[in-house]
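Beneath this line is the structure, given in structure tokens, with notes to follow.
The values are calculated or read from the model by the stated rules, or taken from the named source; none is laboratory data. Predicted model only: the values in this text are computed from it and were never measured. Glycine also receives a Cβ, built like all others from the backbone with ideal geometry; neighbour counts cover every protein chain displayed. Side chains are part of the model used for accessible areas, which takes the heavy atoms of the whole protein and leaves out ligands, DNA and RNA. Shrake-Rupley method; radii C 1.70, N 1.55, O 1.52, S 1.80 Å.
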Amino acid sequence: MVEVTMKVNGKSVTKSVKGNTLMTEFLREELRLTGTHVGCDTSQCGACTIHVNGLQVKACTMFAAEADGAEVGTIEGQADADGSLNAIQQAFQDYHGLQCGFCTPGMVMAAAALLKNNPKPTEAEVRHHLEGNICRCTGYHNIVRAILAASGQDVPAVAAE
Amino acid sequence: MPKDHGIGASQKRREDVRFLTGAGQYTDDINVYNQAYVYFLRSDVAHGKISSINTEAAAAMPGVVRIFTGADFEGVGGLPCGWQVTDKNGDPMKEPAHPVLAQGKVRHVGDPIAAVVADSLEEARTAAEAIEVDIEELPAVVNMAAALEGGSAKVHDDLSDNLCYDWQFGSDPAETQAAFDSAAHVTTLELTNNRLVANPMEPRVAVGEYNRANDESTLYTTSQNPHVIRLLMGAFVLGIPEHKLRVVAPDVGGGFGTKIFHYAEEAFVTFASRQINRAVKWTSSRSEAFMSDAHGRDHVTTIELALDADNNFTAVRTNTLANMGAYLSTFSSSVPTWLHGTLMAGNYKTPNVLVNVKAVFTNTVPVDAYRGAGRPEATYQLERIIDKAARELGVDPIALRRQNFITEFPYQTPVAVVYDTGDYVATMDKMEELMDLGNFDARRKESEAKGKLRGLGVNCFIEACGIAPSNLVGQLGARAGLYDAATVRVNATGTISVLVGAHSHGQGHETAFPQVVAEMLGIDESMIDIVHGDSAKIPFGMGTYGSRSIAVCGSAMVRATEKIINKAKKIAAHLLEAAEADIELKDGQFSVAGTDKSVAWGDVTLAAYVPHNYPLEEIEPGLEETAFYDPSNFTYPAGAYACEVEVDPETGEVTIEKFVSADDFGNVINPMIVEGQVHGGIAQGIGQALLENCAYDENGQLLSASYMDYAMPRADNLPMLDSYLVDHSCQTPCTHNPLGVKGCGEAGAIGSPPTVVNAVIDALQSGGHKVEHIDMPVSPGRVWAAING
Ligand code: FES
Ligand code: FES
């Protein structure tokens, strides 16, 4: 067992875990943050996407011990301080960018990481960035629209470019 | 002005808030106090005799609670098939036993041999590795044609062969033959509808919890229909009385058909929990899902189309081999027959339609309904052969379709069903308008200038949604009714809980259903909540599949709300001291016609529950009504789709440059949700056409058992925003349900595969390649081989 300390959504946590505990297990089982989902075992679906020290990471692909000392962000920490949906979450609702909601936390986290580095992406850049996130329900159309809208751009105008 | 309220409004989904904040509760998020975990040891060979299983060493390993094998299930029922199909010679289909854990033999890769229950999943998995299984491997049969040959390996030793049934349906065979004999032209095509894996992003999960205090079992499961699972598992598999069994399907992360069925793992955790008096949890991994979720499609067909000298269709005849896999999954037998053969007329007035289907057992994962179930297979055959016929005859494929459209309704097809309404000309007109066909040649030239080949593909489809009615499907072999139920429970202060038999796994019921009730009562949607997914709370309904939610369960909800209105009017009449016949309900107010006397909805509901001033001698207190609704017919959504593709002749790569769908869904409750359903369906259809394939080698090894080998559509594989139009403005309301709705969930998956393949073939022909057909998925390798072959 190893002791790990990290900040998750701004709150400090210390737990002792097995060396082979995956970050997904740590978040879901130890911290009961079940918004981070597990959709595959080959690191390809992106349902488990979180932020570690500001970088987009697949939580099924790292051990909890590797996050020792890190700042971790999950879907549970994304809403605005007053509890209302943040701009990206709101755009997903406005543009119907989700159906069953299972891929959604990972999509929102991936979108946030994209917009941080590239605040005004093109449609092609959005699609390319979503390469590691699978959605089976929406056909991506409305997810792409939501992310473009969340970037503050006029969706039809970007789409026509 | 688009509506912002009630039927027809694109209301934003209320369920989104919990999904977007990580607050959804999916089955894997549920943990029960002191639960144990199960790991299934699954066969890694496709066919074999289990000589011995030694669990002794494994049982002694840390954390192991108990190990189960097939022997523990002697005397327990097997998984039942829900639909009996009759052979063309009158014999019932062959129904081999499907034990919860393999008994004596394994029949496909993934067939569960043993189940280890331990304190942790890790301990269960580690112990499973210590189980010694001796399997004598037998020759496997994967190819359907080979499976039907004498001398082939037999999947089930107690059956005479691997033929499940030989089903024939439709027009008289001799008359059909005569139509072919006298035809001016006959087109023939052989094609495969590739095997797919549904792949909802949430893998299946089951938690069984037994409570000795009241002898009750609860199953939390990723299901599309909790009551059906309760009935099947209680009555057929485990023999637990239904009132001692509760099935809960909370938030479910997508289904697409594959979560309709009753699975061994659900029965296992419920059984094991009773045995060890402790909750048992199973969570599928994705690799496990590939070999334990029912697969979809997998038909091999020869289709023939006969035309007269004026290019009128005179006969269609099909011969299909349909893969059942190793066992009959819950609705597998109905998919290639009643869900497929009855749609073989398509949108066309063809006088003779004859369908033959041979269902075959092979050493593969069981196959069952997947988004569209049977209807995509029918559409693909018909729309591919119409394109081929048009090319052979040198006529325009759109004109050939238009010429043969059914234009008068109701229309009795030669394959049993009666289309109530439709306007195929209107959807075709709409598609042509949106597709801007006039400029296609210019776009083709642009592509050619870049060294690419551009092709145009069109397609029409019809589907049958909301499978019904119960007495008819009963005659056809269904072992369940196909109605649905809703209870409208009004609270004292006027808020409402609507308890529904339908189940939402992404369809937005929590938003769309209240829109209907709010419109009927003239109150705000925020006063209405939907309760679903828990057999202990909801009336006996049949769940969600085959685009039945709004057409069938929504109609039950309308009927229950009508009963509420009737009773509320009686109460209002008493409060207003007026005659019941004079009471009108508008905008949540009951008023006396022609007067200014009125009473608000909330005052009426309060009177019902606090009946101080109330006609107790005439009506009971309370305001709660249930309705069961059994439709008199299917509904028949239809549409016209088109796309343009670019093919790179150097690499064989296909990209979709433009895509248009014009659908007729009848009346639409929430256009935004409907559009989303179409997008999702089209993505799955494009996935089938270009990318997805569930492949086995000749020994029955599953070659595509993870996202490394099974190509799922990604954002980059789909058309760009500005070249993708989804339209549902053509509306011919259904005539036999109170909402006039038809259903939209499967349309995209039905309409898009032939559209894409027709476009690819058109592109290749335009480049001078005389390719007539490529089987799906039309991958770069296959296209390149066809060009260079
Ligand atoms: S669960 Fe992490 S990528 Fe699929
Ligand atoms: S919303 Fe269901 S997988 Fe994306």
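The figures follow:
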| item | result |
| --- | --- |
| Whole-angstrom gap from region A:1-38 to region B:745-786, using each part's C-alpha centre | 47 |
| Estimated dipole of region A:2-77 in Debye, rounded to 20 [Cβ of Lys and Arg +1, of Asp and Glu -1, Cα centre] | 120 |
| B:D587 accessible area, assembled protein chains, probe 1.4 Å, Å² | 110 |
| Charge dipole of region B:143-302 about the Cα centre (unit charges at C-beta), most positive-ward option of B:F169, B:V247, B:A183 | B:V247 |
| Selected from B:P733, B:S52, B:A378, residue furthest toward positive end of dipole (the protein assembly as shown; charges at beta carbon) | B:S52 |
| Per-residue mean of C-beta atoms belonging to partner chains within 10 Å, peptide A:105-116 | 1 |
| Which listed pairs, of B:K3/B:K563; B:K94/B:K244; A:K58/B:K281; A:K120/B:K452; B:K94/B:K537, have C-alpha distances above 28 Å, in listed order | B:K94/B:K244; A:K120/B:K452; B:K94/B:K537 |
| Solvent accessible area, Å² - B:V32, 1.4 Å probe, full protein context | 20 |
| Extension reserve of the B:L616-B:S285 stretch, reckoned as 0.36 nm per residue once the Cα distance is removed | 113.4 nm |
| Length gained when the stretch B:S182-B:N491 is fully extended (0.36 nm per residue, less Cα-Cα span) | 104.4 nm |
| Sites B:Q589 and A:A124 - FRET efficiency at Förster radius 41 Å, r taken between beta-carbons, to 0.05 | 0.15 |
| Whole-percent carbon and sulfur share, accessible surface of region B:483-629, 1.4 Å | 48 |
| Low-density loop cleavage sites - trypsin sites (Lys or Arg not before Pro) in region B:681-789, where at most 10 other Cβ are within 10 Å (DSSP) | B:K770 |
| Proximal charge balance of B:G743 [Cβ under 10 Å; K/R count +1, D/E count -1] | 0 |
| Percent RCO, i.e. relative contact order, over chain A, from Cα pairs under 8 Å lying at least 6 residues apart | 23 |
| 10 Å Cβ shell holding at most 15 others, DSSP loop, trypsin sites (Lys or Arg not before Pro): longest site-free stretch of chain A | A:33-161 |
| Listed residues A:M1, B:M708 arranged by accessible area, highest first, probe 1.4 Å | A:M1, B:M708 |
| Overall form of chain B per C-alpha gyration tensor (a/c, 1.5; a/b vs b/c) | oblate |
| In Hz, Karplus ³J(HN,Hα) per residue of region B:374-382 (6.51, -1.76, 1.60; θ = phi - 60°; x = Gly, Pro) | x, 6, x, 5, 5, 4, 4, 4, 5 |
| A:M62 long-range amide H proximity, modeled H, under 5 Å | A:M23, A:T24 |
| Average Cα contact separation per residue, chain B, under 8 Å, 6 or more apart, as relative contact order % | 16 |
| Positive-end residue of B:G501, B:F665, B:T755, charge dipole of the protein assembly as shown with Cβ unit charges | B:G501 |
| Dipole magnitude of region B:483-629, debye to nearest 20 (Cβ charges: Lys/Arg +1, Asp/Glu -1, about Cα centre) | 380 |
| Whether region B:463-615 is rounded, prolate or oblate, judged on the alpha carbon gyration tensor where a/c under 1.5 counts as rounded | prolate |
| B:E175 paired with B:T651, simple spin-label distance in nm, labels 7 Å along Cα-to-beta-carbon | 5.3 |
| Accessible-area value, A:E66, 1.4 Å probe, nucleic acids and ligands omitted, Å² | 110 |
| Cα gyration tensor shape of the protein assembly as shown, rounded if a/c is under 1.5, else prolate or oblate by comparing a/b with b/c | rounded |
| Mean Cα-pair separation over length for region B:483-629, i.e. relative contact order, pairs under 8 Å, 6 or more apart, % | 33 |
| Dipole moment magnitude, nearest 20 debye, region A:87-151 about Cα centre, only Lys, Arg, Asp, Glu C-beta charged | 40 |
